[in-house]
Amino acid sequence: MGTWVVRPAGTFSDLFTTLVDLKWRWNLFIFILTYTVAWLFMASMWWFIAYIRGDLNKAHNDKYTPCVANVYNFPSAFLFFIETEATIGYGYRYITDKCPEGIILFLFQSILGSIVDAFLIGCMFIKMSQPKKRAETLMFSEHAAISMRDGKLTLMFRVGNLRNSHMVSAQIRCKLLKSRQTPEGEFLPLDQLELDVGFSTGADQLFLVSPLTICHVIDTKSPFYDLSQRSMQTEQFEIVVILEGIVETTGMTCQARTSYTEDEDVLVLWGHRFFPVISLEEGFFKVDYSQFHATFEVPTPPYSVKEQEEALLLSSPLMAPSLCNSGEKNSSLDCLETLEDNDSTTKLPTKLQKITGRDGLPKKLLRMSSTTSEMTYSFGDLPMKLQRISSVPGVSDDKQAGKASKISTEPMSKSVADLPPKLQRLAGGGGGRMDGHLPPKLRKMNSDRFT
């Protein structure tokens with residue numbers, strides 16, 4: 001991805017920085033040209049003063065006091081300026097007190113010379129002290145690779161340090177340059193997005209004693225969340241990698257940069273992994289920089305992380321129950337109602353499928369399942385007495401079952417209280433069934449009632 005930048009006119013207002021950023025050949029040319037022009041200009045000024053005063057014609061007159069002694073032509077004026085500016089001072093050519101214009105020119109020469117020296121010498125010193133050559137000893141892999149690492153799709157590239165001296169406080173950052181359009185329709189050319197290479201965990205702080213593989217995990221927060229092998233061939237983007245650190249020997253900050261694009265020269269390889277370059281030999285670790293840029297193919301799904309997650313979600317049998325897990329405090333009633341609304345009764349257990357096959361029962365069971373105990377009781381299928389016993393709060397299932405068995409085994413003679421008063425008197429008011437004291441017709445009616 002190439003860019004053509006049109007520099008504004010204000011860029012050249014910072015002349016010092018502009019000179020520092022120029023190449024060495026242009027710096028040397030400007031350095032020599034500036035001093036040559038300044039020397040010729042000032043030599044011309046001294047020659048002009050001597051010419052106006054007539055010193056050139058009276059140079060060999062011992063009784064005449066010139067403005068500058070022994071200046072009688074342009075070469076002698078040029079030598080006088082060089083001797084004065086360079087503070088050589090041979091003593092043969094010197095300014096006299098009979099020339100006020102010469103004194104003023106001498107002050108101007110001193111000020112101008114100091115400015116030119118400070119500007120050009122300072123520019124050359126800063127350019128020589130720049131750690132650009134140190135940055136050339138920091139290596140980046142020619143390609144970036146995308147493959148699986150630790151079960152996650154990961155973008156990887158490699159960095160290395162060719163010098164024995166360390167980079168102090170080395171830190172790496174990644175930027176994704178990609179044009180995009182906002183939902184409001186605004187077009188953002190070369191929009192910059194951050195690629196996380198371990199900022200949250202501190203993995204972006206490097207101890208660069210050996211080649212390191214820098215990883216960017218592609219997840220839901222990554223700009224490459226929907227990037228697949230096929231879409232990578234059509235999209236246009238550039239990954240800018242910035243490595244910063246302090247040079248151990250000079251203490252100056254050094255920065256090295258590289259970039260990876262979809263072009264063939266700096267291609268991002270899908271389904272590749274870097275060759276190992278560190279091996280253990282005779283108790284020492286050996287680094288083989290000949291394999292620094294080498295990669296090999298590994299099995300990698302050609303789909304994006306987004307497509308993989310969607311396929312996994314669709315193929316999961318627990319996709320429907322997962323709808324009920326959206327909140328921590330959802331009741332079983334809401335969950336079951338959601339399943340019933342989505343016609344997903346076939347995914348319920350076998351018992352619930354049998355129960356929901358009866359008309360009217362699912363709603364009743366759902367209402368009862370919303371209790372804190374999350375137990376379902378079909379009270380409609382129990383006798384009235386057992387329903388009253390079961391509805392008592394705090395009574396456990398074991399107690400209810402014991403009471404039910406006790407009631408079912410009780411002598412049914414306790415129900416004599418439900419007979420007419422005359423029959424109760426015939427029964428003797430006792431707790432038992434007095435079948436022997438009843439007429440045969442009543443005994444038959446009583447037996448039919450209790451059975």
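A few comments on the model shown:
- Cα-projected label distance for Y64 with L190, points at 7 Å along beta-carbon direction, nm: 6.7 nm
- Each part gets one Cα centre, and for the stretch 197-250 versus the stretch 110-155 those centres are 19 Å apart.
- Cα pair distances in the stretch 56-150, grouped into 10 Å bins until the bin that holds the longest one, percent each: 12, 28, 18, 11, 9, 8, 6, 5, 3, 1
- Chain lengthening between I246 and S165 when straightened (0.36 nm per residue, less Cα-Cα): 28.1 nm
- Label sites at F119 and E310, each approximated as a point 7 angstrom past Cα along Cα to Cβ, lie 6.3 nm apart.
- Translational diffusion coefficient (Stokes-Einstein; Kirkwood radius from C-alpha pairs) of the stretch 131-284 at 25 °C, 0.890 mPa s, in µm²/s: 145 µm²/s
- Restricting the trypsin sites (Lys or Arg not before Pro) of the stretch 200-259 to loop positions (DSSP other than H, G, I, E, B) with no more than 12 neighbouring Cβ atoms within 10 Å leaves K221.
- Pairwise label distance in nanometres, A86 with I111, each label 7 Å out on the Cα-Cβ vector: 2.6 nm
- Backbone N within the stretch 240-273 under 11 Å of label point (7 Å from K175 Cα along the Cβ vector): 240-242
- Placing a label point 7 Å from the Cα of T137 along the Cα-to-Cβ direction, the residues of the stretch 238-270 with a backbone N closer than 11 Å are 247-250.
- Rounded to the nearest 0.05, the FRET efficiency derived from the C-beta distance between H293 and V37 at R0 = 60 Å is 0.75.
- R53 contributes about 70 Å² of solvent-accessible surface, heavy atoms of the protein only, 1.4 Å probe.
- For F274, solvent-accessible area (1.4 Å; no DNA, RNA or ligand), Å²: 20 Å²
The values are calculated or read from the model by the stated rules, or taken from the named source; none is laboratory data. It should be emphasised that the depicted structure is a prediction, and the values quoted were computed from it without experimental measurement. As a convention, Cβ positions derive from the backbone with ideal geometry for all residues, glycine included, and neighbour counts pool all protein chains shown. Each accessible area value is taken on the protein alone, full model and side chains, heavy atoms only, with ligands, DNA and RNA left out. Shrake-Rupley method; radii C 1.70, N 1.55, O 1.52, S 1.80 Å.
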